[in-house]
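To keep things clear, I will list the structure first and then write my remarks on it.
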Amino acid sequence: MQILADYHTHTVYSHGKGTIEDNVKEAISKGIKTIGISDHSYKHMTYGVKIKDIYKMREEVNKLNLKYSNIDILLGMECNILDENGNIDINDEVSKLLDYVMAGYHFGSSPTSLKSMLNHCNNYVLKNEKSKEYNTKAIINAMKNNDIFIITHPGDKGDVYIEEIAKVAKDTDTRLEINSSHSYLNASQLNQIKHIGNKFIIGSDAHRPENVGNFELAMKNIREANLDLSLVENIKL
Ligand SMILES: [Zn+2]
Ligand SMILES: [Zn+2]
């Protein structure tokens with residue numbers, strides 16, 4: 001199997017252990033053609049990237065693209081899905097600096113309202129039907145209202161109705177991630193949606209350079225669910 005791209009890697013700009021160049025070198029050593037740097041966006045309270053640092057990251061990525069001609073280096077961002085209206089932490093200033101946008105739900109993202117704050121609590125403690133509905137609506141509206149390339153680890157930290165999400169992903173041409181660190185999408189979710197025909201991307205979600213391109217867990221879930229591999233855009237058999 002050849003890995004065409006790993007769009008989901010973190011660096012020291014949020015809470016990863018390596019530099020952008022460390023991730024690039026690791027990707028080259030594994031024969032990966034495209035590497036995406038996608039740190040946590042600025043409304044994550046503990047490790048969101050500072051907006052002034054995104055300018056530095058852009059410059060660094062531009063320089064590294066000149067230095068390494070055998071790989072494409074992209075600057076993305078893993079935005080936070082903030083509430084049921086589908087708001088994510090992106091603005092015009094930031095989006096101009098990026099090559100692509102991913103979005104996922106994380107504990108630790110700033111609440112936009114009392115309701116979104118209570119939903120964090122529900123996901124953390126109660127894990128009830130109400131929070132499942134809220135989480136589903138949040139992801140669906142995020143896809144409808146923003147230009148998102150990939151929804152990261154759908155269902156992680158907050159349960160969702162995955163079929164509803166996959167249908168909207170297909171309609172809005174948004175990829176759903178099979179995350180190789182968090183095991184979402186997992187085999188059971190993939191089984192529920194494999195007939196829908198939406199596109200998938202595998203992401204390593206590497207927080208250390210050596211995990212760039214580590215797709216083992218995702219491949220295990222894919223095999224278990226017997227997912228049609230032609231739906232997975234960033235690998236080639
Ligand atoms: Zn994430
Ligand atoms: Zn991540």
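The values are calculated or read from the model by the stated rules, or taken from the named source; none is laboratory data. In this text, all values refer to a predicted model and were calculated from it rather than measured experimentally. Cβ placement follows ideal geometry from the backbone for every residue including glycine, while neighbour counts extend to all protein chains displayed. Side chains included, ligands, DNA and RNA excluded: accessible areas come from the protein's heavy atoms. Shrake-Rupley method; radii C 1.70, N 1.55, O 1.52, S 1.80 Å.
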Expressed as a whole-number percentage, the relative contact order of region 139-219 with C-alpha contacts under 8 angstrom and at least six residues apart is 29 percent
Probe 1.4 Å, heavy atoms of protein chains only: per residue, the accessible area of the chain in Å² is 45 Å²
Length-normalised contact order of region 16-137, Cα under 8 Å, at least 6 apart, in percent, tallies to 24 percent
The ³J(HN,Hα) series, computed from each phi in region 77-82 with the Karplus coefficients 6.51, -1.76 and 1.60 at θ = phi - 60°, rounded to the nearest Hz and given as x for glycine or proline, is 8, 9, 6, 9, 7, 8
Rounded to a whole %, the carbon-and-sulfur portion of the accessible area of region 2-236 at a 1.4 Å probe is 50 percent
So, relative contact order of the chain in percent, Cα under 8 Å, 6 or more apart, is 21 percent
Per the rule of 0.36 nm per residue minus the C-alpha distance, extending residue 237 to residue 126 adds in nm 35.8 nm
The ³J(HN,Hα) series, computed from each phi in region 112-129 with the Karplus coefficients 6.51, -1.76 and 1.60 at θ = phi - 60°, rounded to the nearest Hz and given as x for glycine or proline, is 9, 7, 4, 4, 5, 5, 5, 5, 3, 5, 4, 5, 7, 10, 6, 6, 9, 4
By the Cα gyration tensor axes a ≥ b ≥ c (a/c under 1.5 gives rounded; else a/b larger than b/c gives prolate, otherwise oblate), the shape of the chain is oblate
Across 10 Å bins beginning at 0, the whole-percent shares of Cα-Cα pair distances in region 19-119 come to 15, 42, 28, 12, 3
Computed ³J(HN,Hα) along region 88-97: with the Karplus parameters 6.51/-1.76/1.60, θ = phi - 60°, integer Hz and x for glycine or proline, the list is 10, 8, 9, 9, 4, 4, 5, 5, 5, 8
Taking placed amide H atoms and a strict 5 Å upper bound, the residues 5 or more places from residue 7 or on another chain that come that close are 36, 204
Taking every DSSP bridge whose two residues both lie in the chain, the antiparallel percent to the nearest 5 is 15 percent
Ranked output for segments 26-32, 65-71, 76-82 by mean other Cβ atoms within 10 Å, highest leading, reads 76-82, 26-32, 65-71
